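A quick write-up on the structure given underneath.
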Amino acid sequence: PMTGTYAGMCGYYDEEICNAYLQYVRFETEDVADFDYRIPHEESCRLLELAWNIDDKYTENGAIEYLGAIADGKHDAYITENLRYLASLETCGVLLRFGAEVNVWGVNTVDHNNGRLNEFKQTYIRAFRHIHDLAEQYAPNVAMVYSPLDISNMYVSHEDFYPGDKYVDWVGFS
């Protein structure tokens, strides 16, 4: 922390060597609170990164429709419930990484072949922005992370999905 560096791990938190923690949560099928027993509540915890991942079945097919439902508010009850939990965390700052590595989802190739790639890009951006807006309202302690993979597939780049500076607090490459 003295140098501005966070060091942590996923699945295990040791306050002797960590000041950060990464928790994976599958969007819609799991709640963040389900992992409360794993989230550090010690004063030594400085940062929680929540990886809110989309189920693999949507990263291969159906991503446009699923992300569109998120962007259109059809999952708002689930999202706000989880954001309220994140807002209650007092000992950790919170980074929310939604839909990570979107630039290498299999749907990029499928929708390129179906001619829907631009629609997919825009729909992801709308979903990310929607979650950002809800986080701003229900969990102001949450910072949004755009997290592409450092390399992309042949039809897209990581810039293609960037939601914009107004919506992204941190960029984290996998």
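The values are calculated or read from the model by the stated rules, or taken from the named source; none is laboratory data. All of these numbers come straight from a predicted model, not from anything done at the bench. Cβ sites come from the backbone with ideal geometry, for glycine too, and all protein chains shown count toward neighbours. When the accessible area is computed, the model is the full protein with side chains, heavy atoms only, and any ligands, DNA or RNA have been set aside. Shrake-Rupley method; radii C 1.70, N 1.55, O 1.52, S 1.80 Å.
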With a sphere of radius 15 Å drawn around the Cβ of Gly93, what net charge do the other residues whose Cβ falls strictly inside it have (Lys, Arg +1; Asp, Glu -1)? -3
Using bins 10 angstrom wide from zero, how does P(r) for the chain break down, in % of all Cα pairs? 10, 39, 34, 15, 2, 0
Interchain or long-range residues, amide H under 5 Å from Tyr24's placed H: Ala51
Tyr6 - accessible surface, heavy atoms, 1.4 Å probe, Å² rounded to 10: 120
Tally Lys and Arg at +1 and Asp and Glu at -1 over the other residues with C-beta under 14 Å from the C-beta of Glu65: what net charge comes out? -2
Quick one: how many Å² of Ile64 are accessible to a 1.4 Å probe, rounded to 10? 10
Relative contact order of the stretch 120-174, pairs being alpha-carbon contacts under 8 Å that are 6 or more residues apart, as %: 45
Taking the convex hull of the alpha-carbon atoms of the stretch 129-169 and averaging its shadow over every direction gives an area in square nanometres of 3.2
As a test of the formula, what do you get for the chain when each DSSP H run with n ≥ 4 contributes -39,500 (n - 2.57) and the sum is divided by the residue count, at 222 nm and rounded to the nearest 500 deg cm²/dmol? -10000 deg cm²/dmol
Under a Cβ-Cβ cut-off of 10 Å, what is the net charge of the residues other than Asn103 that fall near it, where Lys and Arg count +1 and Asp and Glu count -1? -3
For the stretch 23-116, just run the numbers: alpha carbon Rg, then divide by 2.2 N^0.38 Å, N being how many residues it has. 1.24
Can you tell me the relative contact order of the chain? Whole percent, Cα pairs under 8 Å, sequence separation 6 or more. 21
